[in-house]
Every structure is written in structure tokens, then in C-alpha cells.
1. Which helices (runs of 4 or more DSSP H) does the chain wholly contain that include 3 or more residues that are at pLDDT 95 or above and open to solvent by less than 90 Å² (accessible area, probe 1.4 Å)?
2. For the structure I just gave you, tell me whether residue 53 is more than 19 Å from the chain's Cα centre (by Cα) and aliphatic (A, V, I, L, M).
3. Within segment 10-21, does at least one residue satisfy the condition of being farther than 20 Å from residue 60 by Cβ and more than 20 Å from the chain's Cα centre (by Cα)?
4. Those residues that are polar (S, T, N, Q) and within 17 Å of residue 16 (Cα to Cα), I need them from segment 37-68; list them, please.
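The values are calculated or read from the model by the stated rules, or taken from the named source; none is laboratory data. These numbers were taken from a predicted model, which means no experiment stands behind them. Neighbour counts run over all protein chains shown; Cβ positions are idealised from the backbone, glycine included. Ligands, DNA and RNA are excluded from the accessible area calculation, which covers all protein heavy atoms including side chains. Shrake-Rupley method; radii C 1.70, N 1.55, O 1.52, S 1.80 Å.
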Amino acid sequence: MDWQGQKVAEQTMQIMLLVFAVIAFITGYVLGSFQMMILIYAGGVTLTTLITVPNWPFFNCHPLSWLDPSEAEKHPKPQVAVSSKKKATKK
């Protein structure tokens, strides 16, 4: 899953959970059934999970191009400078 796909999955998840929460609340209120409300919302969470968690192909529309290994050898990693100075702590 690429960065764009992660954004789409996150937005889809938020929208679906909100929609199922509203539908479950209204249905539970009209029917006067807390159990029906919980069942509808649980079904919505399950459906949302099945849609947004797997790495579906439509979440990978903008794949990242990785650096070729031969190119990586030409550009060495920058070295982290190690500081030998330690800050004095106040007591």
C-alpha cells in the first residue's frame, strides 16, 4: 500500500464508521432496541475492516520507485557525527 492508498483507506474507514454509527443509532432509537443498534454497528465495523485493512490493488495506484541497488552504492550514507562533549547536569 502506498502513501496515497493509506490516505484513501484512512478516509474511507472514518467515513464508513461514521455512517454506520449514525445508521445504527437512528435504527436503534426508532426500534427502541439497543441490541439492534450494537448489531448494526458491529456489522459496519466488520465490513469496514474487510474493505480497508487488506492491501487491495486499488490502494496501490501510485507505487513508490525505489533506488536501484547499483545507484545506492554510488551514494554512500551520510555519517552521523558523534559528539564527545557531555552536558553538565545541575543538581
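1. Working: elements: 3-31, 34-52, 69-74.
Where helices (runs of 4 or more DSSP H) fall fully within the chain and carry at least 3 residues being at pLDDT 95 or above and open to solvent by less than 90 Å² (accessible area, probe 1.4 Å), they are 3-31, 34-52.
2. Working: more than 19 Å from the chain's Cα centre (by Cα): no; aliphatic (A, V, I, L, M): yes.
Spelling it out, it is not the case that residue 53 is more than 19 Å from the chain's Cα centre (by Cα) and aliphatic (A, V, I, L, M).
3. Among the residues of segment 10-21, not one is farther than 20 Å from residue 60 by Cβ and more than 20 Å from the chain's Cα centre (by Cα), which makes the answer no.
4. Narrowing segment 37-68 to residues polar (S, T, N, Q): 46, 48-49, 52, 55, 60, 65.
Hits for segment 37-68 are 46, 48, 49, 52.
Listed here are the residues, each with its yes/no results for (1) farther than 30 Å from residue 2 by Cα; (2) β-branched (Val, Ile, Thr); (3) without any contact (Cβ under 8 Å) to a residue 24 or more places away in the chain.
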| residue | (1), (2), (3) |
| --- | --- |
| 12 | no, yes, no |
| 18 | no, no, yes |
| 28 | yes, no, yes |
| 40 | yes, yes, yes |
| 44 | no, no, no |
| 50 | no, no, yes |
| 59 | no, no, no |
| 73 | no, no, yes |
